[in-house]
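Peer 1: There's a structure below that I have some questions on.
The values are calculated or read from the model by the stated rules, or taken from the named source; none is laboratory data. Remember, predicted model here, so these are calculated numbers, not experimental data. Here the Cβ positions follow ideal geometry from the backbone for every residue, glycine too, while neighbour counts run over all protein chains shown.
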Amino acid sequence: MAFEKLFEPIKIGDVEISNRIAVSPMNMTFSTQDGYATDQNIAWHARRAKGGFGLIITDAIIATRLAAPFVFHRNLYLYDESFIPGLNRIVEAVHNFGAKIFAQLSIGFGRQGHALDGSKPYAPSQIPMEIDIEKTPKGLMERVYLIRGRTDPRGEIPREMTIEEILSEEQRFAEACGRAIIAGFDGIEIHAPHGYLEHQFLSPRSNRRTDLYGGPLENRMRFIVEVTQHALMVVKKAVPVGVRISADEHMPQGFTLDEVKVVVKKLQDLGISYLNLSDGSYEALKYFFPESMDHVENHLLKEAKEIKKVLDIPVITPSVHDPIIAERAIKEGETDMISLGRQAIADPDWPNKVREGNVDKIRRCTRDWICLIRALLGLYPRCSVNPEVGFEEQNPELFPNKRKGAAMPSSFVKWQQS
Ligand SMILES: Cc1cc2nc3c(=O)[nH]c(=O)nc-3n(C[C@H](O)[C@H](O)[C@H](O)COP(=O)(O)O)c2cc1C
């Protein structure tokens, strides 16, 4: 079978991507404890670019100083300029193999945060998250709790964010977008899915505020709208800005697909260039991490199709691991691009194998959760079918030994001139 649609180039804003296959954003916890990029971060992304992915979306990079202490174990940071050189090395290593790379920037974990020094996480309201074990893939959280010695699926009770903090965080986030451009990223993705801070504001389940940021949808979406407006104002079209959002919360009192359609339409009207879809949250984990190997009934493609009815910008849909389904979904207009998360861990050469007609040689993800459980416990992820995971830095071919293309990233020049 020829996979013509999968290998058709696509434009996101002004950025041309050579095919429709992206690496899903994944925090592989390869950074240093204080958020700097390591050789392993660089080699990890470069290896996927070498394997033929047209677009790499980075791990969630923590954009603000306030958010930084609340990560699970390790994340990349960008709350000041000291983080730019390491991120720039990731960009250059990816460009060396001809792929584009977008920075996923996070404004924070909200009530999902856990500070090692015992300080309280902050959130829209003082409501802890509550994981629904029935909506968790079999064996996943049970095993994490077993090791952590916890049985309670409730998170910490957060403190309520002040209006001053909300406004200041929006500003700080926008400043990090400027740093991402200087680091040379081809695009910026606002990280708003999976129960993190913007998601918490959007959800009547976690947002019980009585001020301008709580109540009707117009108020609950104010935070994500303002974060996007501030980001777009700083970026000034130098690079495309997109948003990642969960299509549905799948929880009692949670937001619904119909509400998300209103939100994403508003974000498109503001000027975002693409939408990266996801689903659920840590409370309803099986939507966020589809359990089944059978993607014929992929619920995310159904949601993407619904969402595309209100959008003109490209939509990226995760968890479509089967190239035949991916090709059909793009051909039939259900999605514009697909992304691979765990499947990109299992086989970084998925795109090249599909393009070369070697579909039968793809090393399939077995959904045994080794990658995620290890990341949640602070260990480097490993993969039971790909022994190279976590050791990519030992391959010298993944590091550029001479610069290709212009000496200065074109996005930076564009930004300077805007
Ligand atoms: C180890 C790991 C880390 C992840 N980190 C992020 C992240 O930083 N940002 C994000 O938006 N999604 C993150 N995800 C979710 C993935 O982007 C993706 O949506 C999810 O794995 C489902 O896609 P899949 O079925 O292809 O794995 C992570 C997933 C894994 C396995």
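Peer 1: Any residue that is at negative phi, assigned to a helix (DSSP H, G or I) and more than 16 Å from the ligand (Cβ to nearest atom) - is there at least one of those in region 364-386?
Peer 2: Taking every residue of region 364-386 in turn, none turns out to be at negative phi, assigned to a helix (DSSP H, G or I) and more than 16 Å from the ligand (Cβ to nearest atom).
Peer 1: Mind checking which residues of region 347-361 are under 18 Å from Pro387 (Cα atoms) and under 24 Å from the mean Cα position of the chain (by Cα)?
Peer 2: Those that are under 18 Å from Pro387 (Cα atoms) and under 24 Å from the mean Cα position of the chain (by Cα): Asp347, Pro348, Asp349, Trp350.
Peer 1: Can you list residue pairs whose Cβ atoms sit under 9 Å apart, with the first residue in region 25-47 being on the phi > 0 side of the Ramachandran plot and modelled with pLDDT of 95 or more and the second being among the aromatic types (Phe, Trp, Tyr) and more than 12 Å from the ligand (Cβ to nearest atom)? Count only pairs 6 or more apart in sequence or on different chains.
Peer 2: Sorted first by the residue in region 25-47, then by its partner, the pairs are Gly35/Tyr77; Gly35/Tyr79; Gly35/Phe83.
Peer 1: Could you check, for region 2-13, whether at least one of its residues is modelled with pLDDT under 95 and under 30 Å from Glu332 (Cβ atoms)?
Peer 2: Looking through region 2-13, at least one residue is modelled with pLDDT under 95 and under 30 Å from Glu332 (Cβ atoms).
Peer 1: Moving on to the next point. Among the residues that make up region 304-313, is at least one of them over 24 Å from Asn207 (Cβ atoms), out of contact with any Pro (no Cβ under 8 Å at 6 or more places or on another chain), within 16 Å of the ligand (Cβ to nearest atom) and assigned to a helix (DSSP H, G or I)?
Peer 2: yes
Peer 1: When only residues in region 110-125 that are within 16 Å of the ligand (Cβ to nearest atom) and modelled with pLDDT under 95 count, which is farthest from the chain's Cα centre (by Cα)?
Peer 2: So the residue we want is His114.
Peer 1: I want to confirm something. Restricting to region 14-39 and keeping residues that are closer than 16 Å to Tyr77 by Cβ and of a type in the set (S, T, N, Q), which single residue is nearest to the ligand (Cβ to nearest atom)?
Peer 2: If we take residues in region 14-39 being closer than 16 Å to Tyr77 by Cβ and of a type in the set (S, T, N, Q), then Asn27 is nearest to the ligand (Cβ to nearest atom).
Peer 1: Could I ask something else about it? Looking only at region 87-106, which residues are more than 13 Å from the ligand (Cβ to nearest atom) and among the aliphatic types (A, V, I, L, M)?
Peer 2: Across region 87-106, the qualifying residues are Leu87, Ile90, Val91, Ala93, Val94, Ala99, Ile101.
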